[in-house]
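Structure record follows, encoded as structure tokens.
The values are calculated or read from the model by the stated rules, or taken from the named source; none is laboratory data. Note that the coordinates shown come from a computational prediction; the quantities given were computed from them, not determined experimentally. Note that each Cβ is placed from the backbone with ideal geometry, even for glycine, and that neighbours are counted across all protein chains shown. For the accessible areas, the whole protein counts, side chains as well, though only heavy atoms, and no ligand, DNA or RNA atoms are used. Shrake-Rupley method; radii C 1.70, N 1.55, O 1.52, S 1.80 Å.
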Amino acid sequence: MTLTATVFDLDETLVDSATTWNRVFAAVATRHGEAWAPADWAAIQGKSTAHWAAYLASRCAGLTPESAVAECVDGMVSAVRRGEFGLVPGAADLVATAVELGPVALVSGSPRPYVEAAITTFGLPFRTTVTGDDVTRGKPAPDPYLLAAQRLGQAPARCLAVEDSSSGIRSAHAAGMTVLAIPNPTAARDCATLALAAHHATDAYIAAKTVDQLLSRR
């Protein structure tokens with residue numbers, strides 16, 4: 001099947017946001033009287049918004065999943081606008097290469113206000129964006145990637161998904177997309193899941209070359 005479109009994950013695939021997310025989670029926990037340890041971050045990294053919101057609410061008296069999301073999103077939107085983190089090295093070239101070769105979309109498990117702030121701040125030119133607010137079942141279910149393909153007007157089998165995490169790889173693969181993994185050393189440690197990716201790259205620069213090789217020229 002000829003590949004004609006590219007669908008990207010956001011956090012750690014295109015933007016170097018993990019440290020800031022961890023800091024925001026820690027700040028929210030501290031405001032509610034709880035310490036935040038490396039084990040807490042390990043328990044939620046790469047997981048869906050519903051997962052980390054429930055986790056924070058279970059750790060912090062007075063927090064509900066909804067209020068946890070609101071506080072964390074506010075922190076991340078502020079961090080984006082203050083320039084506390086930026087694009088992953090090579091991400092701009094990676095997206096630009098994909099844009100030259102076909103339509104591009106974004107599939108993120110994060111809430112829309114944060115995703116839109118990041119897209120605007122970093123000037124990422126996506127034709128459509130699917131966030132954690134748009135689907136009932138997030139990654140690793142296939143729903144987000146299926147919705148992205150539908151919005152692009154592309155068959156999932158014609159889409160290349162670029163992902164860093166185990167949940168994202170499983171989601172894109174289950175949707176029937178070809179997966180290009182840029183494995184996150186802490187969020188993609190499952191060898192069986194990594195084997196679902198048809199292609200692997202060690203960084204965004206190499207991923208750009210792979211995208212150029214895989215997508216047909218218009």
- Using all C-alpha to C-alpha distances in region 109-218, build P(r) with 10 Å bins and read off the rounded percent in each one. 15, 43, 39, 4
- In whole percent, the fraction of accessible protein surface over the chain that belongs to carbon or sulfur atoms, probe radius 1.4 Å, stands at 54
- Task: With a ≥ b ≥ c taken as the square roots of the eigenvalues of the C-alpha gyration tensor of region 11-129, please select rounded if a/c is under 1.5 and otherwise prolate if a/b is larger than b/c or oblate if it is not?
- Result: prolate
- Task: Could you please put 114, 205 in sequence from largest to smallest accessible area, using a 1.4 Å probe?
- Result: 205, 114
- Ellipsoid semi-axes in whole angstrom, largest first, where each is sqrt(5λ) of the Cα gyration tensor of the chain: 29, 17, 16
- In sequence order, what are the phi-derived ³J(HN,Hα) couplings for region 80-90 according to the Karplus relation 6.51 cos²θ - 1.76 cosθ + 1.60 with θ = phi - 60°, rounded to whole Hz, with x for glycine and proline? 4, 5, 8, x, 6, 8, x, 5, 4, x, x
- Which value, in Å² and to the nearest 10, is the accessible area of residue 34 when all protein chains are kept and the probe is 1.4 Å? 60
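Name the shape class, rounded, prolate or oblate, that the alpha-carbon gyration tensor gives for region 109-148, where a ≥ b ≥ c are the square roots of its eigenvalues, rounded holds for a/c under 1.5, and otherwise prolate holds if a/b is larger than b/c and oblate otherwise.
Note, shape of region 109-148 comes out prolate.
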- Of 45, 30, 58, farthest towards positive along the dipole that unit charges on Lys, Arg, Asp, Glu beta carbons give the chain: 45
- Query: Accessible area per residue of region 144-218 at 1.4 Å probe, in Å²?
  - Reply: 45
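Would you work out the charge dipole size for region 133-218 about its Cα centre, treating the Cβ of every Lys and Arg as +1 and the Cβ of every Asp and Glu as -1, and quote it to the nearest 20 debye?
Details: 9 positive and 8 negative charges, 58 e Å.
Dipole of region 133-218, to the nearest 20 debye: 280 debye.
If you place +1 on the Cβ of every Lys and Arg and -1 on the Cβ of every Asp and Glu, how big does the dipole about the Cα centre of the chain come out, in debye to the nearest 20?
Charge dipole of the chain: 360 debye, to the nearest 20.
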- Could you do me a favour and compute the accessible area per residue for region 1-122, 1.4 Å probe, result in Å²? 40
- Query: Can you give the calculated 222 nm mean residue ellipticity of the chain, where each DSSP H run of n ≥ 4 adds -39,500 (n - 2.57) and the sum is split over every residue, rounded to the nearest 500 deg cm²/dmol?
  - Reply: -14500 deg cm²/dmol
